[in-house]
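To start, the structure under review is shown below, and the notes come after it.
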Amino acid sequence: MDTTVLVPVRVGRCGAIAVRTGRLPDGQRVGLAFSNPAALAEVFGSDQGWISLNPRMARTMLAEAGAQEMRIDAVLFAPEPEPIQVAVAPKPLVALQTIVPARRRAGTRIRLAARHAH
């Protein structure tokens, strides 16, 4: 007697579901299924939607999605990304030319501003 498996799904805007698949390091698409909700949540998070299917139906649906095989209780296998440090040099400041109005009213201030060089 077959037990059921939990297959992660995405729900579209119109309510249609699509099974989620993964890829092996060689690029081959693989179907994902889990034996319990905790195993599924460990890989996809607790808010991941899923459907319960018998294994034969799960294989059929995953095959229609392009998966050539089904893995049960698979874990994420991806190298930890290395942190990237980006050094950003500040642009040099260039003083704007001071503009003196021809007729300056008493008490009028002239503002000097700086802008970044392009």
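The values are calculated or read from the model by the stated rules, or taken from the named source; none is laboratory data. Keep in mind that what you see is a predicted model, and the values were worked out from it rather than measured. A quick note on method: Cβ atoms are made from the backbone with ideal geometry, for glycine too, and the neighbour counts reach across all protein chains shown. The accessibility values were calculated without ligands, DNA or RNA, using every heavy atom of the protein model including side chains. Shrake-Rupley method; radii C 1.70, N 1.55, O 1.52, S 1.80 Å.
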Could you list, ordered by first residue, the pairs with Cβ atoms under 8 Å in which the first is in the stretch 12-34 and under 14 Å from Ala74 (Cβ atoms) and touching a residue at least 40 places away in the same chain (Cβ under 8 Å) and the second is surrounded by fewer than 12 Cβ atoms within 10 Å (Cβ to Cβ) and among the basic types (Lys, Arg), at least 6 apart or interchain? Val30/Arg23
Pairs, first among the hydroxyl-bearing types (Ser, Thr, Tyr) in the stretch 78-92, second open to solvent by 100 Å² or more (accessible area, probe 1.4 Å) and modelled with pLDDT of 70 or more, C-beta under 6 Å, six or more apart: none
Scan Gln97, Gln85 and give me the residue that is at pLDDT below 65, out of contact with any Lys or Arg (no Cβ under 8 Å at 6 or more places or on another chain) and among the polar types (S, T, N, Q). Gln97
Members of the stretch 42-58 found to be open to solvent by less than 30 Å² (accessible area, probe 1.4 Å) and closer than 13 Å to Val75 by Cα, listed by number: Gly45
Given the conditions (1) part of a loop (DSSP other than H, G, I, E, B); (2) in contact with a Pro (Cβ under 7 Å, 6 or more places away or on another chain); (3) at pLDDT 90 or above, every one holds for Asp47 apart from (2)
Please go through the stretch 3-35 and pick out each residue that is open to solvent by 30 Å² or more (accessible area, probe 1.4 Å) and in a strand (DSSP E or B). Arg10, Val11, Ile17, Ala18, Thr21, Arg23, Arg29
Is it true that Ala39 is modelled with pLDDT under 95 and surrounded by fewer than 17 Cβ atoms within 10 Å (Cβ to Cβ)? yes
